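Enquirer: Let me begin by handing over the structure; questions about it come next.
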Amino acid sequence: MAYQVILFNTDSSFTVQDDESVLDGAIRAGVPLAHDCRMGGCGTCRVKLLDGTVSYEDEPFGLSPEEAAEGYALACQARPQSDLVIEPGASAAMPEPERRSAVVREVRSLCDSVHHLLLEVEGDAPPVFLAGQYMNVHLEDGSARSFSMASAPNGKLIDFHVRRIPGGSFTDRRLAELRAGDRVDITLPLGGFHYRSADYRPLIMVATGTGLAPIRSILQSLMDDPDCPPVTLYWGMRNEADLYLDAEIRAWGERLYDFRYVPVLSRPGPGWTGRTGYVQQAVVQDHGSLEEHALYLCGAPAMVRDAKQLFLANGASADHIYADSFSFAHELSGEPLAA
């Protein structure tokens, strides 16, 4: 049996067969729906069910029970049980991805586990992307690895923060071989994680590890902007040595309207006098209610899922939580697909 899916407030509709997810049906029909991992982990394909019901073979990790209760579904895993009316969660006007060649301008260590990669995209026109999106790096075997842009859309030079994964085919081997002047093939931009200026709410940015990269891209794009709302950044790491951008972040307050930075360490050294524990817990400790905020979450899937549940329980609006959680290319390689 086939079900019809209508995109609210548009002229678009498509059918979904019994053995298809909502996203499968959309792709087959050529209807664009934002998506990334297609495994139910990242949350990029989140849509709102305005009419109809869906089911899942397994509950998707990227959708909290609270989000499901408010009518949200993940299109990549949801199977219709009736005709549907859905409202896509990502912005409609997304730049089209394109394959480009880029030249390596710099590779250097930021800390023991993170490298800075600076690429210059070749061609007459600079790449177009939204702050917070990511790119794919194409490998010789035909596979790809994904890394979030860490700089604002501004010219052909783009920063990346690459976390080294022991045994990883790109981050542990190929990255070590890269030198200034080498070329790589990339596709960008990708992903539905980006800044929503129309919200105009105080921002709470929550990152773990190199989840800081897309957050940095967003905040770089807001620097010196008179319309920048108040921003609080919570960055979770294990110990002091992992805070690879600490000095730079502390200077951002000079160029952001109202900026607060809260590093949170889970395994601090004996001399640490700052916040400890889980980064999402630090957020709720500091805020009585989150109902007025827009929240941007980027990092490990477990953190993102726990943070969503915790923030919704503390008044956050599900319509104003935006997340980019890392997925994994293969459980043997352990390399993250994003950031």
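Taken together, the values in this text are just the output of simple stated rules run on the coordinates, not laboratory data. This structure is a prediction, so every number in the text was calculated from the model and none was measured. So basically every Cβ, Gly included, is an ideal-geometry build from the backbone, and we count neighbours across all protein chains shown.
Enquirer: If you take the C-alpha gyration tensor of region 197-325, multiply each eigenvalue by 5 and take the square root, what semi-axes do you get, largest first, in whole Å? It would help to have the intermediate numbers written out before the result.
Expert: Details: eigenvalues 89, 70, 32 Å².
After diagonalising the Cα gyration tensor, the semi-axes are 21, 19, 13 Å.
Enquirer: If you bin every alpha carbon distance in region 98-190 into 10 Å steps from zero, what whole percent lands in each bin?
Expert: Computed distribution, short to long bins: 16, 55, 27, 2.
Enquirer: Of 101, 113, 142, which is farthest on the positive side of the dipole of region 98-190, counting Cα position, with +1 on Lys and Arg Cβ, -1 on Asp and Glu Cβ, and the Cα centre as origin?
Expert: Result: 113.
Enquirer: One quarter of the convex hull surface, Cα atoms only: what value does that give for region 15-79 in nm²?
Expert: Details: hull surface 16.5 nm².
Averaged projected hull area, Cα only: 4.1 nm².
Enquirer: Sort 266, 169, 64 so the one with the fewest other Cβ atoms within 10 Å of its own Cβ comes first.
Expert: Details: 266 14, 169 18, 64 25.
Ranked by crowding around the Cβ, least crowded first: 266, 169, 64.
Enquirer: Hey, fewest Cβ within 10 Å first, where do 273, 10, 187 land in order?
Expert: Values: 273 6, 10 11, 187 16.
Ordered from fewest to most neighbouring Cβ atoms within 10 Å, 273, 10, 187 come out as 273, 10, 187.
Enquirer: As a test of understanding, state the convex hull volume per residue of the chain from its alpha carbons, in Å³. Could you put the intermediate results ahead of the total?
Expert: Working: hull volume 49.5 nm³, N = 339.
With only Cα atoms used, the chain gives 146 Å³ per residue.
Enquirer: From the backbone phi of region 107-115, what are the Karplus-calculated ³J(HN,Hα) couplings (6.51 cos²θ - 1.76 cosθ + 1.60, θ = phi - 60°) in whole Hz, Gly and Pro given as x?
Expert: 9, 8, 7, 9, 7, 4, 10, 10, 10
Enquirer: Which order do the peptides 241-254, 289-302 take when ranked by the mean count of other beta-carbon atoms within 10 Å per residue, highest first?
Expert: Details: 241-254: 14.1, 289-302: 19.8.
Highest to lowest by the protection proxy: 289-302, 241-254.
Enquirer: How much of the DSSP beta bridge set in the chain is antiparallel, as a percent to the nearest 5?
Expert: Working: 45 of 73 bridges.
Around 60 percent of the beta bridges assigned by DSSP in the chain are antiparallel ones.
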